[in-house]
Amino acid sequence: MARGLFISFEGIDGAGKSTHMDRVAQMFREAGRPVVLSREPGGTPLSEKLRELVLHEPMNALTEALLMFAARREHLVQVIEPALARGAVVLCDRFTDATFAYQGGGRGFDWQVLAQLERMVQSLPGGGLRQPELTVWFDLDPHIAAQRLASARVPDKFESQPADFFAAVRAGYARRMAEMPGRFARIDAAQNIDAVGADVGRVVSEWMKRTAA
Ligand code: TYD
């Protein structure tokens, strides 16, 4: 049996990651791999309820961080770990890097407290932390993201934040990448959709070759 693979997709709102996740899923399916597509916050019935709360209710910054990690814990235990154990490819629309970027970078919440929560929620029985093996970061200037979002839909709590919030979120992603460069692939999301798609395809296939996944 092939080993499970865990890939996350990150970026500020409007960076366009969701479209490309479907293509990556298709790549793996064509290679005969079972794929689990999921998202955070969310991915289980309870975590989706928590998502509704955190995306739409105003709340204290620590409460927000705790709810993100509470949703993540359920998602890990109920969905991600079992899928990895049966050899599936888990493609997750956001994971913990989003908490560091949004709650840490965007909201200015304590980075070390987030790191503590990360250890609590993601530690593995044999030691170490569960992390995505590859994180595809769709990096985009917040002003371009805002233009793309303006025509798109009714914004949630985060999407309605001003551009300087997203500049801080972007800086949060950059900091996370600097801390864990080995698993990040940065994509220039300002390119047109086909060029971004080609970059994503290249990054994922090179990564698969490199890790013999
Ligand atoms: P998003 O993933 O953009 O979903 P959709 O495309 O359906 O809007 O929305 C999730 C929002 O939640 C996004 O604004 C980022 C935010 N978020 C956090 O603030 N912290 C987190 O830990 C996660 C996972 C998401």
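The values are calculated or read from the model by the stated rules, or taken from the named source; none is laboratory data. This one's a predicted model, so the numbers in the text were calculated from it and none came from an experiment. Neighbour counts are summed over all protein chains in view; Cβ atoms, including those assigned to glycine, are modelled from backbone coordinates with ideal geometry.
Tally up the residues in segment 61-111 that are polar (S, T, N, Q), surrounded by 18 or more Cβ atoms within 10 Å (Cβ to Cβ) and more than 10 Å from the ligand (Cβ to nearest atom), please. If you could, list the steps in order and put the result at the bottom.
We begin by selecting, within segment 61-111, every residue polar (S, T, N, Q); these are 63, 78, 96, 99, 103.
Narrowing further to those that are surrounded by 18 or more Cβ atoms within 10 Å (Cβ to Cβ): 96, 99, 103.
If we keep only those that are more than 10 Å from the ligand (Cβ to nearest atom) too, we end up with none.
The qualifying residues number 0.
Quick one: how many residues across segment 112-131 are of a type in the set (S, T, N, Q) and either exposed (fewer than 15 other Cβ atoms within 10 Å of the Cβ) or near the ligand (Cβ under 8 Å from one of its atoms) (or both)?
3
Residue-wise test of (1) touching a residue at least 40 places away in the same chain (Cβ under 8 Å); (2) in contact with a Lys or Arg (Cβ under 6 Å, 6 or more places away or on another chain); (3) at positive phi.
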{"position": "62", "(1), (2), (3)": "yes, no, no"}
{"position": "95", "(1), (2), (3)": "yes, no, no"}
{"position": "124", "(1), (2), (3)": "no, yes, no"}
{"position": "138", "(1), (2), (3)": "yes, yes, no"}
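Could you go through segment 32-44 and let me know if any residue there is outside any helix (DSSP H, G or I) and under 16 Å from residue 138 (Cβ atoms).
yes
Tally time: how many residues in segment 13-69 are among the small types (Gly, Ala, Ser), modelled with pLDDT of 95 or more and touching a strand residue (DSSP E or B) at 6+ places or on another chain (Cβ under 8 Å)?
Of the residues in that region, 3 qualify.
Are there any pairs with C-beta distances below 7 angstrom linking a residue in segment 1-23 that is of a type in the set (Val, Ile, Thr) to a residue that is part of a helix (DSSP H, G or I), with the two at least 6 apart or on different chains, and if so which?
Filtered contacts from segment 1-23: 12/142; 12/145; 12/166; 12/169; 12/170; 19/193.
Please report, ordered by residue number, the helices (runs of 4 or more DSSP H) entirely within segment 109-197 with at least 2 residues that are within 19 Å of residue 20 (Cβ to Cβ). Let's see the steps before the verdict.
Working: elements: 111-122, 142-150, 163-179.
So the answer is 142-150, 163-179.
State which residue pairs qualify: first residue of a type in the set (Lys, Arg) and inside segment 40-60, second residue not in a loop (DSSP other than H, G, I, E, B) in any location, beta carbons under 8 Å apart, and separation of 6 or more residues or different chains.
51/71
Go through segment 140-150 and report how many residues are buried (at least 18 other Cβ atoms within 10 Å of the Cβ) and either free of Cβ contacts under 8 Å to residues at least 40 places away in the same chain or not aliphatic (A, V, I, L, M) (or both).
1
Restricting attention to segment 35-60, which residues are aliphatic (A, V, I, L, M) and more than 11 Å from the ligand (Cβ to nearest atom)?
Our first condition is that a residue be aliphatic (A, V, I, L, M); within segment 35-60, this holds for 35-37, 46, 50, 53-55, 59.
Listed by number, the residues that qualify are 35, 36, 37, 46, 53, 59.
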